[in-house]
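Colleague: Please see the structure below; I have some questions.
The values are calculated or read from the model by the stated rules, or taken from the named source; none is laboratory data. Remember, predicted model here, so these are calculated numbers, not experimental data. Using ideal geometry, Cβ is built from the backbone for each residue, glycine included, and neighbour counts are taken over all protein chains shown. These accessible areas exclude ligands, DNA and RNA; they are computed on the full protein's heavy atoms, side chains included. Shrake-Rupley method; radii C 1.70, N 1.55, O 1.52, S 1.80 Å.
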Amino acid sequence: MPLMRIFSVPADFRAATIDRYCELNERYDSARVDETYGQATVGVLFGSGRSSNELPAVDLNALEKYVAYSASRNIDFNYTFNASCLGNREFTEAGIRQINRFIGRLWNMGIRNLTIALPQLMMLVADSKYPFTVKASTLCLVNSASKAAFHKNHGIKRIVIDEDITRDFKTIRQICEAFGDGVEMIANSRCIVNCPLKMLHYNHESHFRFGRQDIKGFYDRSCALNRLSDWTSPIRLNWVRPEDIGLYESVGVHRFKIQGREIAFRGDPVKTTEAYMSGSYTGNLFDLLSMFDPRAKTEAYQLCVENRALDGFIARFYDHPDACTGDCGKCGYCAAFAKASMDREKTEAMNDMLRSSLGEKDPFESYMEKPVVARMGHRLARRVFSAIHKKA
């Protein structure tokens, strides 16, 4: 008998959405929504891997009501306590007291599952009197069997593997063999493979809620320009098609995460989840990646990749684990499927419009040109030159 296909989905904090997930659980015998995930964004000291201003405004009282209703419908809640940096507060007595009070509040409101990125935070939770089940975040970059074993040996019950190994079935199999049940992967990722800015972007998001920052869009813009540099790049994002879920189950993955808690309250996470539960979707793959967010479907900027035209795409990665060298300029495999699933002329026209909307100059560059910043830069340069001159 095949194992259950289990899903962790972003919370939109609506009871009606929980009811719809329950309907899906009744409809599918071999797939189930096991939990929703998210965080409080109002009146809390700690952030996560997403900046709070992109998420729904939810305080701890509203969260408690949502958690209670979810539990009454037999769906768990997983609190995303997965900031990649807490400003080293966790290494101070005051910070440890704050963390213990906070996780105590979460426990008392009925939360039993946490997603965490920082190992020191995992240790604090393990050392507390609250027996949470901890999931290692995708920010932990678990991309090898040794990393999976590290987390297992430290009492972590679930791990979300690094998105960048989505098409590396050999490594995924090794991770599953090393960790066992509890390996989870993101299905509808929109990140480009091996993005050089990924961890820096996570750090920026983790810090964004603290203090004033004028340049919020620096990494978002950089990532967008990277994707827009080649019209075939949508094929090289870290997505998983619903039709290909079975291949991942064959190497040991039975838990799947639907990402997008920053758009779940605008889009349709239930419709997205059902496509993956059923293992089939006819239409635009980017409907699933954007979770049917209406803002992503404006006429001018509607990116379209025909999902069924990608049938057979993943087979090469599954059948020949070493076929992908990462040297896209010498391969052409993904480009061939781009031609089959996308309209090049329309895609390039849309990319041109998007680049124009982003502006010719990065906001950070404009910020650096402000007189006060420029003067600071000149003073710093003079100090450095002076120090070098004295040493000489």
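Colleague: Considering only DSSP states other than H, G, I, E and B, which trypsin sites (Lys or Arg not before Pro) in the stretch 128-171 qualify as loop sites with at most 14 other Cβ atoms within 10 Å?
Modeller: 129
Colleague: Can you pull the percent of the stretch 231-328's accessible area that's carbon plus sulfur, 1.4 Å probe, other chains left in place?
Modeller: Its accessible area is 51 percent carbon and sulfur atoms.
Colleague: Given bins 10 angstrom wide, list per bin the percent of all Cα-Cα distances in the stretch 250-297, short to long.
Modeller: So the P(r) values, bin by bin, are 26, 52, 19, 3.
Colleague: Using only Cα atoms, locate the centre of the stretch 148-162 and the centre of the stretch 225-291, then give the distance between them in Å, rounded to an integer.
Modeller: Measuring centre to centre over Cα atoms gives 24 Å.
Colleague: A further question on this structure: Quick check: pseudo-label points 7 Å beyond the Cα along Cα→Cβ at residue 4 and residue 315, how many nm apart are they?
Modeller: Simple spin-label model gives 3.3 nm for this pair.
Colleague: What is the calculated FRET efficiency for residue 128 to residue 69, with r their C-beta to C-beta distance and R₀ = 35 Å, to the nearest 0.05?
Modeller: 0.85
Colleague: Summing +1 for each Lys or Arg and -1 for each Asp or Glu, what net charge is found among the other residues whose Cβ lies under 13 Å from the Cβ of residue 160?
Modeller: In short, +1.
Colleague: Which value, in debye to the nearest 20, describes the size of the charge dipole of the stretch 10-70 about its Cα centre when Lys and Arg Cβ atoms bear +1, Asp and Glu Cβ atoms bear -1, and nothing else is charged?
Modeller: That gives the stretch 10-70 a dipole magnitude of about 120 debye.
Colleague: Given charges of +1 on the Cβ of Lys and Arg and -1 on the Cβ of Asp and Glu, with all other atoms neutral, how large is the dipole of the stretch 11-170 about its Cα centre, in debye to the nearest 20?
Modeller: 340
Colleague: Got a number for carbon plus sulfur as a percent of the stretch 1-116's accessible area, 1.4 Å probe?
Modeller: Carbon and sulfur together cover 50 percent of it.
Colleague: A further question follows. Can you check how the C-alpha radius of gyration of the stretch 1-45 compares to 2.2 N^0.38 Å, as a plain ratio?
Modeller: 1.42
Colleague: Now for a separate question. Estimate the FRET efficiency between residue 26 and residue 330 by the formula 1/(1 + (r/R0)^6), using the beta-carbon distance for r and 41 Å for R0, to the nearest 0.05.
Modeller: It comes out at approximately 0.25.
Colleague: Moving on. Could you please tell me the mean projected area of the C-alpha convex hull for the stretch 18-81, averaged over all directions and given in square nanometres to one decimal?
Modeller: About 4.8 nm², averaged over all directions.
Colleague: Could you pull the Rg and Dmax for the stretch 106-207, using just the Cα atoms, both in Å?
Modeller: Taking only Cα atoms of the stretch 106-207, I get Rg and Dmax of 14.2, 42 Å.
Colleague: Right, next: For the stretch 115-168, what is the accessible area per residue in Å² when the probe is 1.4 Å?
Modeller: Heavy-atom SASA per residue in the stretch 115-168 reads 41 Å².
Colleague: So, for the stretch 1-70, what is the accessible surface per residue at a probe of 1.4 Å, expressed in square angstrom?
Modeller: 44
Colleague: Out of residues 5 or more away from residue 31 or on other chains, whose amide H comes under 5 Å of its own, with H placed 1.01 Å from N in the peptide plane?
Modeller: 5
Colleague: Beyond a 23 Å Cα-Cα separation, which of these cross-linked pairs lie in this structure: 198/346; 152/257; 157/271; 170/271; 147/271; 129/157?
Modeller: Among 198/346; 152/257; 157/271; 170/271; 147/271; 129/157, the Cα-Cα distance tops 23 Å for 198/346; 157/271; 170/271; 147/271.
Colleague: Pop a pseudo-label 7 angstrom from the Cα along the beta-carbon direction at both residue 97 and residue 226 and give the gap in nm to one decimal.
Modeller: Label at residue 97, label at residue 226, 4.1 nm between them.
Colleague: Related question: Hand me the trypsin sites (Lys or Arg not before Pro) from the stretch 36-104 located in a DSSP loop with no more than 16 other Cβ atoms within 10 Å, in residue order please.
Modeller: Those that pass, being in a loop and sparsely packed, are 73.
Colleague: Of the GluC sites (Glu not before Pro) in the stretch 249-322, which ones lie in a loop per DSSP and count no more than 12 other C-beta atoms within 10 Å?
Modeller: Those that pass, being in a loop and sparsely packed, are 299.
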